[in-house]
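Below is one structure, written out as structure tokens; the observations come after it.
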Amino acid sequence: MTTENPDWIPKHHCLYENDIALEKIMLPFLPQLKSMECRDDDIFVCTWPKCGTTWMQAIVINIMNDADMSGVSKDLSKSFPMLEYMIKDPEELISTMSNLKIPDVRDLPSPRTMKTHMPLRYLPKDIQEQRKKPKIIYVTRNPKDTVVSLYHFEKSIRTKALSDEDYTKLTFHQYLERFFHNMCIYGSYWNHTVDFWNRRHWENVLFLTYEDMLIDPRSHVEKIAKFLGKKLTVKQIDAITIETSFKKMEKNTMFNYESWKMTTPFMRKGKAGDWKRHFTVEESERMDKLYEEKFGGTGLQHIFEV
């Protein structure tokens, strides 16, 4: 359900459930996501945008295939679909909107590997009410680097269905103001993160931070493999750690979204601390204050430079 768009919503977005901004082209996929029946062997990668989603997808798909990707479809929309956007090429989606056939998640073979940026409250009831216990891996990233990465990502897109001219002209400081007011796509970063953090003790939830993964990627490959019930050899763990490094992934067409119309690479930096080149002192202090307001007392901590 959508409502009439307020002035702050860009042309390519809509206000979903009078709540969060989403891409208009996502709307046809949402009824299936909300009502889907989960399986206990499903694997969900859940994140707010630009928090390490694609990196985690690469790790998971390598683990599930025992570090052998030779038989895996290189089309992520098939092998590891995004549930609110189950198609590879946005231009193709535009051309087929009038006769769009939504891929049926029931047809995906088990164990299904899927990703989503949707807030917990819009995920299937099987998850929210723990009627099923699929594996859920949640990755969070410090908000300063997250908003910088999302800004560059959205600013660089030139596909009409995913952007508009006025939106790409926003300065970083204008975009940051939108973040401060929960006006970015998918709504509040803070609520999204805390909702999953509060469920980190569920046996089927693994909550990780992007910065910890940067510091020790190999131990995280091991941790994720154990969580997914996969017993891998030392050689396989080493191979996955190498293949999912930034240097490898930025050249891998399965993960780098090379086919999209973008003015900067999808994989831009892969670091923690780039926010220092974008934030003013005042903006940084404002974010610090908001961070304490939203996360203070929760026990959640991020690293802001690696």
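When segment 1-23 is filtered for residues that are of a type in the set (D, E, K, R), over 22 Å from residue 157 (Cβ atoms) and at pLDDT 85 or above, the ones remaining, listed by number, are 17, 19.
Right, residue 156: over 29 Å from residue 35 (Cβ atoms) and either aliphatic (A, V, I, L, M) or in contact (Cβ under 8 Å) with a residue 24 or more places away in the chain (or both) or not? Walk me through it before giving the result.
Details: over 29 Å from residue 35 (Cβ atoms): yes; either aliphatic (A, V, I, L, M) or in contact (Cβ under 8 Å) with a residue 24 or more places away in the chain (or both): yes.
Criteria met by residue 156.
Selection of segment 56-92 for residues being closer than 24 Å to residue 219 by Cα, out of contact with any helix residue (DSSP H, G or I) (no Cβ under 7 Å at 6 or more places or on another chain) and either of a type in the set (Gly, Ala, Ser) or open to solvent by 10 Å² or more (accessible area, probe 1.4 Å) (or both) yields 64, 65, 68. Tallying residues that are aliphatic (A, V, I, L, M), outside any helix (DSSP H, G or I) and open to solvent by 60 Å² or more (accessible area, probe 1.4 Å) within segment 221-240 yields 0.
If we only count helices (runs of 4 or more DSSP H) wholly inside segment 156-220, which ones have 3 or more residues that are open to solvent by 20 Å² or more (accessible area, probe 1.4 Å) and within 23 Å of residue 19 (Cβ to Cβ)? Spell out the reasoning first.
Working: elements: 165-168, 172-180, 189-197, 210-215.
Qualifying helices (runs of 4 or more DSSP H): 172-180, 189-197.
Within segment 136-150, can one find any residue that is modelled with pLDDT of 95 or more, assigned to a loop (DSSP other than H, G, I, E, B) and open to solvent by less than 10 Å² (accessible area, probe 1.4 Å)? Taking every residue of segment 136-150 in turn, at least one turns out to be modelled with pLDDT of 95 or more, assigned to a loop (DSSP other than H, G, I, E, B) and open to solvent by less than 10 Å² (accessible area, probe 1.4 Å).
Within segment 185-208, the only residue that satisfies the criterion of being over 17 Å from residue 296 (Cβ atoms) and among the small types (Gly, Ala, Ser) is 187.
Which residues, counting only those in segment 11-23, are within 16 Å of residue 121 (Cβ to Cβ) and either assigned to a helix (DSSP H, G or I) or of a type in the set (D, E, K, R) (or both)? So that I can check it myself, show each step before the final result.
Here is the first cut: in segment 11-23, the ones within 16 Å of residue 121 (Cβ to Cβ) are 15-22.
17, 19 - these are the residues of segment 11-23 that are within 16 Å of residue 121 (Cβ to Cβ) and either assigned to a helix (DSSP H, G or I) or of a type in the set (D, E, K, R) (or both).
For segment 100-129, taking the residues that are among the basic types (Lys, Arg) and more than 15 Å from the chain's Cα centre (by Cα), the one that is nearest to residue 78 (Cα to Cα) is identified as 112. Scanning segment 117-153 for residues that are closer than 19 Å to residue 202 by Cα and hydroxyl-bearing (Ser, Thr, Tyr) yields 122, 138, 140. For residue 95, the criteria (1) in contact with a strand residue (DSSP E or B) (Cβ under 6 Å, 6 or more places away or on another chain); (2) at pLDDT below 95 hold in every case but one, which is (1).
Counting only helices (runs of 4 or more DSSP H) wholly contained in segment 24-85, the ones carrying 3 or more residues that are farther than 16 Å from residue 153 by Cβ and either in contact with a Leu (Cβ under 9 Å, 6 or more places away or on another chain) or modelled with pLDDT of 95 or more (or both) occupy 30-35, 53-64. On the stretch given as segment 26-43, residues that are over 17 Å from the mean Cα position of the chain (by Cα) and among the hydrophobic types (A, V, I, L, M, F, W, C) total 3. Within segment 246-294, if we keep just the residues that are of a type in the set (Val, Ile, Thr) and modelled with pLDDT of 95 or more, the residue that is surrounded by the most Cβ atoms within 10 Å (Cβ to Cβ) turns out to be 280. Output the residues belonging to segment 283-306 that are within 25 Å of residue 171 (Cα to Cα) and in a loop (DSSP other than H, G, I, E, B). Correct list: 304, 305. Among the residues making up segment 1-51, a single one is open to solvent by 10 Å² or more (accessible area, probe 1.4 Å) and of a type in the set (Gly, Ala, Ser): 35.
The values are calculated or read from the model by the stated rules, or taken from the named source; none is laboratory data. If you're wondering where the values come from, they're calculated on a predicted model, not measured in any experiment. Don't worry about glycine lacking a Cβ; one is built from the backbone with ideal geometry, like all the others, and counts go over all protein chains shown. The area values use the complete protein model at the heavy-atom level, side chains included, leaving out ligands, DNA and RNA. Shrake-Rupley method; radii C 1.70, N 1.55, O 1.52, S 1.80 Å.
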